[in-house]
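The values are calculated or read from the model by the stated rules, or taken from the named source; none is laboratory data. All values reported here derive from a predicted model rather than from experimental measurement. So basically every Cβ, Gly included, is an ideal-geometry build from the backbone, and we count neighbours across all protein chains shown. To get the accessible areas, we keep the full protein, side chains included, count just its heavy atoms, and leave off ligands, DNA and RNA. Shrake-Rupley method; radii C 1.70, N 1.55, O 1.52, S 1.80 Å.
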Amino acid sequence: MRVYLDNASTTPMHEEVIHKMTEIMRDIYGNPSSIHQHGRKAKSIIEQSRKTVAKIINASIGEVFFTSSATEAHNMILIKSVEDLGVQRIISSPTEHHCILHTLDHLHGCDTAMLSVDHEGTLDYTQLESLLKDSNKKTLVSIMHGNNEIGTMADVNRIGQLCHQYGARFHCDTVQTMGKYPIDVQQSKIHFLAGSAHKFHGPKGVGFVFISNENMLSPFIHGGAQERNMRAGTENLIGIAGLAVALEIANENMMAWREKVSTLRSEFKDGLDRFFDDIKYNGRQDDMFLHHVLSVSFPPGPKVDLLVMNLDIAGISASSGSACSAGIEEDSHVIQAIGHPPDRKTIRFSFSDMNTMEEIQYTIEKLKEMTKVKV
Ligand SMILES: Cc1ncc(COP(=O)(O)O)c(C=O)c1O
């Protein structure tokens, strides 16, 4: 049996998405910038895809642009909001994805302020409010909706409201929540966000950026007039069409899939609690967590050190909560930011609607065999 429990990293593609992409790959080969019929057909697929995305996030079609990834979209938002909108300060958090944190490291002419997070990765909203209140600097708040490593979610409506109250712009990394939770840019007062197709059963290498009309940015990539003059380069037509179908399917099945994934996650968690001593979970476990992510903190021990590798050998793909820095394996920046004890070992299991209960039971059995504790 081969079990894939690394769905926060990327997801398998949905059959319908593969079907749609194959059809387009075969039949629609015109360049979307060409004015002849072949080109017009390709262009209309892109515009239809834009309409689909815009509708789902409650934006207008002129506010959605396709990119190569969410990473590109986030780079664009951060770099261009400093250059074009005169943003002087960015408030963010130490648990953001590297595509935010490393971009912040490379920004010039802009201060950054990092919010504190507690041991579950929850932001200090009081600190956010006082930072917003205490300065007249033009500010962008860059906070993720759901954390990819520990699953803790932020209260986006509260952040949007605070930004609105104090005249700041709100940039939200919605990569882990797009297609899994309702996202309404008007209701949550979001000015910028990004999504990535491969996180919701779409293809890799395609994403999108939402830029609100009143905060329009200039292009990040220069050349042709593609993407309504906002991103040069011949469009990834097949990928864009795949993204839109995948998002549509995810959106339509949101509640049913969430229920299924929550049941798998609970079953897995119950199995761990039943069979293992001293298991802990990283991130919030109340109502503010991603239902597809379970970050497990195992007690120290020689068997635990090689757990991800041994799981792989047993046919189970999961992700470690560590990163290799200068040849030394250490907890990732997120796991460190929540003060996780360095002697314990984190493994992230992440689920999708394509997983089955048999896979969950198989994984628990294999973990029992590997660690041989309290059976
Ligand atoms: C929270 C979060 N933000 C951003 C990204 C980057 O997305 P992409 O793979 O499209 O560059 C990821 C992907 O791992 C992510 O999980």
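Structural remarks
- Gyration tensor verdict on region 164-299 (Cα atoms; rounded if a/c is under 1.5, prolate if a/b is larger than b/c, oblate otherwise): prolate
- Backbone HN-Hα couplings from phi across region 250-265 [Karplus 6.51/-1.76/1.60, Hz, Gly and Pro as x]: 4, 5, 5, 9, 3, 5, 5, 5, 5, 4, 5, 5, 5, 5, 4, 4
- 222 nm mean residue ellipticity, helices alone, for the chain (DSSP H n ≥ 4; -39,500 (n - 2.57); rounded to 500): -12500 deg cm²/dmol
- The length gained on full extension between Gln165 and Gln127, counted as 0.36 nm times the residue separation minus their Cα-Cα distance, comes to 12.2 nm.
- Crossing angle, helix 357-371 versus the chain [Cα axis fit, 0-90 degrees, rounded to tens]: 50 degrees
- Electrostatic dipole magnitude of the chain [Cβ: Lys, Arg +1; Asp, Glu -1; Cα centre; debye, to 20]: 760 debye
- Label sites at Glu329 and Met357, each approximated as a point 7 angstrom past Cα along Cα to Cβ, lie 3.4 nm apart.
- Carbon plus sulfur fraction of accessible area for region 15-252, probe 1.4 Å, in percent: 49 percent
- Reciprocal mean inverse distance between Cα atoms of the chain - Kirkwood radius, Å: 21.7 Å
- With Cα atoms defining each centre, region 58-114 and region 132-152 are spaced 11 Å apart in the structure.
- Between Glu259 and His222, the FRET efficiency from the beta-carbon distance, with R0 = 35 Å, is close to 0.15.
- Probing with 1.4 Å while keeping every protein chain in the model, the per residue accessible area of the chain equals 43 Å².
- Between region 276-308 and region 343-375, the alpha-carbon center distance in angstrom: 10 Å
- Gain in span if fully extended, Ser266 to Thr10, counting 0.36 nm per residue against the direct Cα distance: 90.1 nm
- Carbon/sulfur fraction of accessible area - region 259-375, other protein chains in place, 1.4 Å, %: 53 percent
- Residue among Phe289, Phe275, Phe349 with the largest mean-square fluctuation in a Gaussian network model of the chain, springs linking Cα atoms under 10 Å: Phe275
- C-alpha long axis of helix 37-57 to longest principal axis of the chain, angle in °: 60 degrees
- Max mean-square fluctuation residue, GNM over the chain, Cα-Cα springs under 10 Å, options Gly223, Gly315, Gly242: Gly223
- Relative contact order (percent, whole number), the chain, Cα cutoff 8 Å, 6+ residue spacing: 23 percent
- Computed label-point distance, nm, for sites Asp305 and Met25 using a 7 Å Cα→Cβ extension: 4.4 nm
- In this simple spin-label approximation, Ser317 and Arg274 carry label points 7 Å from Cα along the Cα→Cβ vector, and these lie 2.8 nm apart.
- Bridge type composition, the chain - antiparallel percent by DSSP, nearest 5: 60 percent
- Paramagnetic label reach from Lys55 (point 7 Å along Cα→Cβ; backbone nitrogen cut-off under 16 Å): within region 245-262, residues 245-254.
- Neighbourhood net charge (15 Å Cβ-Cβ; Lys/Arg +1, Asp/Glu -1) for Glu96: -4
- For the chain, the longest principal axis of the Cα atoms and the long axis of helix 156-166 meet at an angle of about 50 degrees.
- Qualifying lysines (Cα of each under 22 Å from Cα of Lys41; at least 8 residues distant if same chain): Lys20, Lys51, Lys55
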